[in-house]
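The values are calculated or read from the model by the stated rules, or taken from the named source; none is laboratory data. Since we're looking at a predicted model, the values are computed, not measured. No Cβ is skipped: glycine too gets one built from the backbone with ideal geometry, and neighbour counts run over all protein chains shown. The accessibility values were calculated without ligands, DNA or RNA, using every heavy atom of the protein model including side chains. Shrake-Rupley method; radii C 1.70, N 1.55, O 1.52, S 1.80 Å.
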Amino acid sequence: MKEPTFLYGLDLEELTRLAAEHQWPAYRARQIAQWLYRKHIASWDEAKNIPAELPKALGPQWVLRALEFEEASDSAQHESVKFLFKTRDGMLLESVLIAQRDRRTVCVSTQLGCKIGCIFCASGKGKFGRNLTAGEIVEQVAWIEKKNGQPVTNIVFMGVGEPLDNFEATMKALKILQAPWGFGLSSRRITVSTSGITPKIVEFVRRSEGRVRLSVSLHSSDDKRRTELVPVNKKYPLADLERTLRQIHMTLKRDITFEYTLIDGVNDSDEEARGVVRLARPLQAKVNVIPYNPIREMKFRTPSPQTVERFAGVLEKSGVRVTVRRTAGQDINAACGQLRLDRGK
Ligand code: SAH
Ligand code: SF4
């Protein structure tokens, strides 16, 4: 049989074309978009105002969803829920829902594995699978919203994978998430996190008109050490990253955030902190310090609360805004940026 084509992941233009091909009234395209991106249907039976003939007219090669829901596991504190999905080609993929007060943030994955291979990250271990499609990216949000029963308020592209290494699918997913005919989320509530592929950052900012929030995973202010931690730094060194971000900051006046995974005895010195100040201050960037979450392949240690405080203190005293991310859901290894493809058995 021919490979199926999925409805999730189509934008309004594509749905309009589909409607025209079948001689359906033009409003049908918007109706279908609503059923997909607002009501998150998993079968056509749920779509009340869609004629029963429609799925038949589409034929068997048109399938609604590419992801199957497998399971959801709650952290003991109920602050995060890890969702496991199965792709059509039998791969597992994870996303996390993090609930804090009136905010429900979904952390989406963009690839099955990651080619960047940062040494402290579980996502980069093991063989790279493939890029996810735009449909598979937005379906994570649709499934979670449907299962959770409450609207998702924020999206972070911080799950498995490097979003800018799966550029077109990420851009299309962003379009569907923001569009009024799609999920209708404000661009200010969406953050894309990248390890620092500078030409792609430029392209991303241009295509998203600087509206989607940008987070850059820094992890060191020293070129040599950053290359050890984030190998892509060899190709796009700090000076390149700095130049790119300054350019973006100057032209767009947009806030940039740095993610900084703090590892005991590796990148936690005062000298490192002063280097981060040097980079962050001219950009008015906020720094999000994430204490390293142990992964089984590496012997790194989580810094003590005192170390975290000292490091954050150096930044704060120099006028850099800092937040320390609590490692939500550590008990189920579900913190965002802590996802992997196997079940950890
Ligand atoms: N590939 C993108 C987005 C996914 S990773 C990027 O690197 O930015 C999301 C965040 O989780 C990154 O900042 C990453 O450094 C962090 N992270 C990965 N593994 C971690 C670990 N073991 N402990 C703490 N943070 C980790
Ligand atoms: Fe990939 Fe990001 Fe993990 Fe690095 S931190 S291996 S870029 S997912």
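Within the straight-line cut-off of under 13 Å between alpha carbons, the aspartates and glutamates reachable from Lys317 are Asp270, Glu309, sequence neighbours fewer than 8 places apart in one chain being disregarded.
Taking 0.36 nm per residue of sequence separation and removing the Cα-Cα distance, the Lys234/Arg130 pair yields an extension gain of 35.1 nm. Per residue, the accessible area of segment 67-332 comes to 44 Å², computed with a 1.4 Å probe over protein heavy atoms only. With the simple spin-label model, which puts each label point 7 Å out from Cα in the Cβ direction, the Met250 to Lys48 separation comes to 5.6 nm.
Cβ-Cβ distance of Gln284 and Asp102, R₀ of 41 Å, FRET efficiency by 1/(1 + (r/R0)^6): the value works out to about 0.95. Taking all protein chains as they are arranged and a probe of 1.4 Å, the heavy atoms of Trp143 leave approximately 30 Å² accessible to solvent. Label sites at Glu271 and Arg88, each approximated as a point 7 angstrom past Cα along Cα to Cβ, lie 5.3 nm apart. Once R0 is set to 41 Å, what does the formula 1/(1 + (r/R0)^6) return for the Cβ-Cβ distance between Glu79 and Ala26, expressed as a FRET efficiency to the nearest 0.05? Step by step, r from the Cβ atoms, then E = 0.40.
Rounded to two decimals, the Cα radius of gyration of the chain over 2.2 N^0.38 Å is 1.03. Against the empirical curve 2.2 N^0.38 Å, the C-alpha radius of gyration of segment 80-199 lands at a ratio of 1.01.
Taking a sphere under 13 Å around the Cβ of His249 and counting the other residues whose Cβ falls inside, with K and R at +1 and D and E at -1, yields a net charge of +4.
Report, in whole Å, the centroid distance computed from the Cα atoms of segment 42-75 and segment 7-40. Each part reduced to its Cα centre gives a spacing of 13 Å. Length gained on full extension, Ala179 to Arg325: 49.6 nm, using 0.36 nm per residue less the C-alpha separation.
Surface composition of the chain: carbon plus sulfur atoms hold 50% of the accessible area, using a 1.4 angstrom probe and ignoring ligands, DNA and RNA. Each label was represented as a point 7 Å from its Cα along the Cα-to-Cβ direction; for Lys317 and Asp264 these points are 2.4 nm apart. In the context of the full protein assembly, Glu168 retains an accessible surface of approximately 110 Å², using a probe radius of 1.4 Å and ignoring ligands and nucleic acids. Net length available on complete extension from Val202 to Met298 is 31.3 nm, with 0.36 nm assigned per residue and the Cα-Cα distance removed. Which residue, His249, His22, His40, tops the fluctuation ranking in a GNM of the chain built on C-alpha contacts under 10 Å? Between His249, His22, His40, it is His22 that shows the largest mean-square fluctuation. Computed with a 1.4 Å probe on the full set of protein chains, the accessible area for Asp11 sits at about 20 Å².
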